[in-house]
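The values are calculated or read from the model by the stated rules, or taken from the named source; none is laboratory data. Keep in mind that this is a model prediction, so the values were computed, not measured. Cβ coordinates were reconstructed from backbone atoms using ideal geometry, including for glycine residues, and neighbour counts include every protein chain displayed. These area figures cover heavy atoms from the full protein model, side chains too; ligands, DNA and RNA do not enter into them. Shrake-Rupley method; radii C 1.70, N 1.55, O 1.52, S 1.80 Å.
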Amino acid sequence: MLKRIVSMAVICALAVSLLAGCAKKTVSYRDHLDDYVKTMEYHDGFTILQLTDIHWHGGTQVGDEDYGSERYLRKVINEAVAHAGKIDLIEVTGDTFMLTNKTAVKSFIDFMTRTEIPYAIIWGNHDRQSTYNPNWLSKQFLKAPYSLYTEIDNDDVHERSNYVINLLNLDGSAAWQITNLDSGASYRDGAADFDLTYDYLRDDQFEWMTAEHDAVGKDVPVICYYHIAQADYDLAWDAISAGAAGYKSKFFNIEGFAPSKYCRATEDICLKNNVKAVFIGHDHADDWTFTTPSGVTFGMGVKSGKELYYANIAPGLDYSGVDYSEEFALIGASLVTLKNASGDFGIEHLYLNERDEGDFVKWVEY
Amino acid sequence: MAAYLTRNDRIKSELGKDARRERRFYMFFSILAFVPGAFALWEINYELWNMIGSVASNSPDMALTQTVRMLPLYLTGASFIFFLIYTNGAYRAKNVKARASKWCAGGIVMIVLGMITAAYVGIGVALGEYDRLIEGYVSPLFPLDMLLAGVIFIGVGFLSIRYSKVIGEKGSALPCVDDRGLFGWRLRTFGLLRALCLLMAMIGFAACFWGIFVLDFAHGCLMYGIVLWLNYFTAFAMYFAYKYIFCETKPGIRGTTAVKLGSIFLIINVILFALHLITVQIWNEAPDVVAFGILPADFLTSMNIFAVFYGVNNILAPIIAIARGLVMEKKNRSIA
């Protein structure tokens, strides 16, 4: 009997292994470039509000009087609309959810729908970590009103949220291209690699990005959004700390950056594709932004809400270039305004803290 | 193998009609507590990692906010586990008086836990800590389900006390188990291990359930997903084998049963663990692409630990069972 059970176990294991297959990448992006594209009408002064690392976890998201992500985000968006006149697009750059469930996801989509502002969702590492199938999450954003989310199933581009939003002039030509990339979750070298590192942007993503850019024209300026920092941030921080000339930087770096140990600097790719700026999320306690001597800006969004963790900014961080005199929580949003189709843009960070004596609201221009 | 599948080698073969009915009563309640308890533990698992993440990242205020809101969940999980512990204790009581007192004491604690849980939710809703009775997180009915659980715990507590009186007045047909003198310190040691295995089994059970929905088989890496699911399943299956085969086998042949059951699970689990390592080695992206929802610890610790932890548990438990079985067999031989 024992022999029979062992034999059955081995046979089952073999049968399962025969069924196994990982790579199902049957669709080549080269044949489907148009399928990755959403379009919007461009106008000078086009505004993009970046919300990031919301962690709509559910534990605190609902209408809690002490704290509620929903109420907080509504305030942030209302403040941004009041400040800019109109928000044309909201970029939600990852970790929108964490350790949550379908009900919480639906409540977030309902909230975003009520804003009546088009929004683009990008996957972060924690978005995959809940009691739903990642495919289910994709489907929700594929069909949600105002959502521009696009995903090509089983394509040969790494991960999911790789899509572009072409901002079109009245004549149909592209004025700007917004490229959304999925920087994945975590990465391990193999079974013996217990120390996880974060995932990183892959060559196939850059190749796809170049193909999409070539399709609209090499002169069209590009803004990239994704979640996890690549090597550029650490390199620039070290260079600026060592006194390198030609850089501009502003805002806060409290916790350092958390790039993958396998990622690389992307400035050459940015220059090749006329990328004017890159914006990420992921590091809750940073919103540090810098511009390289070559003119590419790498920004970090401002964490939108307090979920999971956030930083308190103590007075005296002079390197930040921010004029402030009181402690505040580094939460809010980031606003990009596209000034013209020649690649000029502005960046402002909004710090919004809810306080009993009246909310703390501060806009800081880059 | 045939030994513990033979009806005559099971404890119940010697039980009378009343004792069998009483035994079924205990079995029913242990399963009744296990299943919702497993789901509560799974949610606690999620919440704890979230809380640990907040504390580790210097935001204890967020951990406190979450804990204040999720306290009913923790209380509910604790109540289910406590219910399992005291009903098991009553089932395996050394005499009828002890059995009655376990039901009574357990019932009182359940009433207290239930009242705290229900009152906490009720007051929380009244004070606005919960915006409405059904917020939808952490479960679709939260916190209403916690309120109902609290009310049910109160009812269970009163019924337990009532049942203790029935046992006190009419006695108990189910034979008592006086194995404390036999094991001494070993009982405490194995008791602790059993409790750990029970926790692993409960979380494994919930992971199996959620795995059906969470595992992204459409994205490929089918083999990895199946092996991971089976790793969780065997953690749960082992405990059931312990509870409903080993514990239900007559004491005289338990050593043999432990060795055989342990051997079977050891072989299966070693194969599964090896397959797990092989699949991760081949498809190193699989855990992140396919299964993050049932690997809650990996991300927040930045370590590839959760499945490995289960693999180690699933291998160690059968080894301990085999060793214990061999010792029991040796003792039986020396007594004979």
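Tell me, what % of the accessible area of segment B:13-178 is carbon and sulfur with a 1.4 angstrom probe?
71
Other chains' Cβ within 10 Å of B:76-86 residues: what's the mean?
Rounded to a whole number, the mean comes out at 0.
Heavy atoms only, probe 1.4 Å: what % of the accessible area of segment A:27-365 goes to carbon and sulfur, would you let me know?
47
Could you please report the charge total around A:Thr47, scoring K, R as +1 and D, E as -1 over all other residues with beta-carbon less than 9 angstrom from its beta-carbon?
0
To the nearest 0.05, how large is the calculated FRET efficiency for A:Asp189 and A:Asn154 if R₀ is 22 Å and r is the Cβ-Cβ distance?
In this case the efficiency is close to 0.30.
Within 10 Å of each Cβ in peptide B:276-285, how many partner chain Cβ atoms are there on average? Round it to a whole number, please.
5
Using the Kirkwood formula on the Cα atoms of segment B:13-178, what hydrodynamic radius do you get, in angstrom to one decimal? Before the final figure, lay out the partial values.
On the way: mean 1/r = 0.0581 Å⁻¹.
One decimal place: 17.2 Å for the Kirkwood radius.
Taking the highest mean first, how do the peptides A:334-343, B:33-42 order by number of other beta carbon atoms within 10 angstrom per residue? List each step's numbers first, then the result.
On the way: A:334-343: 19.1, B:33-42: 21.6.
The peptides rank, most packed first, as B:33-42, A:334-343.
Provide the packing ranking of A:271-282, B:315-326, i.e. peptides ordered by the mean count of other C-beta atoms within 10 Å per residue, highest first.
In decreasing order of mean packing, A:271-282, B:315-326 become A:271-282, B:315-326.
Tell me which residues come under 5 Å, amide H to amide H, from A:Gln50 once H is placed; ignore anything under 5 positions away on its chain.
Under 5 Å from the amide H of A:Gln50: A:Glu91, A:Ser334, A:Leu335, A:Val336.
Give me the extension gain from B:Ser13 to B:Ala119: residue separation times 0.36 nm, minus the current Cα-Cα distance, reported in nm with one decimal. Mind showing how you got there, number by number?
On the way: separation 106, 0.36 × 106 = 38.16 nm, distance 4.54 nm.
Gain on extension, B:Ser13 to B:Ala119, equals 33.6 nm.
Rounded, prolate or oblate: pick one for chain B, where a ≥ b ≥ c are the square roots of the eigenvalues of its C-alpha gyration tensor, a/c under 1.5 means rounded, and failing that, prolate if a/b is larger than b/c, else oblate.
Values: a/c = 2.26, a/b = 1.13, b/c = 2.00.
Oblate is the answer for chain B, as a/c is 1.5 or above yet b/c matches or exceeds a/b.
Taking a probe of 1.4 Å, how large is the accessible area per residue of segment B:13-178, in Å²? Present the calculation step by step, with values, prior to reporting the outcome.
Working: 7430 Å² over 166 residues.
Spelled out: the 1.4 Å probe surface of segment B:13-178, per residue, equals 45 Å².
Using the crude model of +1 on Lys and Arg Cβ and -1 on Asp and Glu Cβ, and no other charge, please compute the dipole size for the protein assembly as shown relative to its Cα centre, in debye to 20.
On the way: 61 positive and 75 negative charges, 1327 e Å.
Roughly 6380 debye for the protein assembly as shown.
Take each of the peptides B:162-171, A:124-133, average the number of other beta-carbon atoms within 10 Å over its residues, and list them starting from the highest.
The peptides rank, most packed first, as A:124-133, B:162-171.
Add -39500 (n - 2.57) for each DSSP H run of 4 or more in chain B, then divide by its residues: what number comes out at 222 nm, to the nearest 500 deg cm²/dmol?
On the way: 12 runs with 259 residues, N = 336.
Helix contribution divided over all residues of chain B: -27000 deg cm²/dmol.
Could you work out how far apart the two model spin labels at A:Asn274 and B:Leu32 are, taking each label as a point 7 Å from the Cα in the direction of the beta carbon, and quote it in nm?
For A:Asn274 paired with B:Leu32, the spin-label model returns 7.1 nm.
Between A:Asp318 and A:His43, what is the FRET efficiency for a Förster distance of 41 Å, r being their Cβ-Cβ separation, to the nearest 0.05?
Efficiency, rounded to the nearest 0.05: 0.60.
Rounded, prolate or oblate for segment B:53-103? Axes are the square roots of the Cα gyration tensor eigenvalues, ordered a ≥ b ≥ c, and the cut-off for rounded is a/c under 1.5.
Prolate, because a/c is 1.5 or more and a/b exceeds b/c.
With every protein chain kept in the model, how would you rank A:Thr291, B:Thr256 by accessible area, 1.4 Å probe, largest at the top?
Result of the area sort, largest leading: B:Thr256, A:Thr291.
Could you report the accessible area of A:Cys224 in Å², rounded to 10, computed with a 1.4 Å probe on the protein chains as they sit in the structure?
Here the accessible area works out near 0 Å².
Checking the cross-link filter: which lysines have an alpha carbon closer than 24 Å to that of A:Lys38, excluding same-chain neighbours under 8 positions apart?
Within reach: A:Lys25, A:Lys86, A:Lys106, A:Lys139, A:Lys143, A:Lys218, A:Lys272, A:Lys276, A:Lys339.
How far is it, in nm, from the label point at B:Ile282 to the one at B:Leu159 when both lie 7 Å from their Cα along the line to the Cβ?
About 4.9 nm, to one decimal.
Taking chain A as a Gaussian network, Cα atoms linked when under 10 Å apart, which of A:Ala191, A:Ala82, A:Ala285 shows the biggest mean-square fluctuation?
Maximum fluctuation in the GNM of chain A, among the listed residues, is at A:Ala191.
Per DSSP H run of at least 4 residues, take -39500 (n - 2.57); add these up for chain A, divide by its residues and hand me the 222 nm value, nearest 500 deg cm²/dmol.
That comes out to -7500 deg cm²/dmol.
Average partner chain C-beta neighbours within 10 Å, per residue of B:207-218?
Other-chain Cβ atoms within 10 Å of each residue's Cβ, averaged: 3.
Rounded to the nearest 100 Å², what is the sum over both chains of accessible area buried where A meets B, with a probe of 1.4 Å?
Chains A and B together bury approximately 5300 Å².
Starting from the Cα gyration tensor of segment A:27-365, take the square roots of the eigenvalues, sort them a ≥ b ≥ c, and report rounded, prolate or oblate (rounded when a/c is under 1.5, otherwise prolate if a/b is larger than b/c, else oblate).
In terms of gyration-tensor shape, rounded.
Using the basic label-point model (7 angstrom from Cα toward the beta carbon), what is the A:Lys86 to A:Lys261 distance in nanometres?
A separation of 5.0 nm, rounded to one decimal place.
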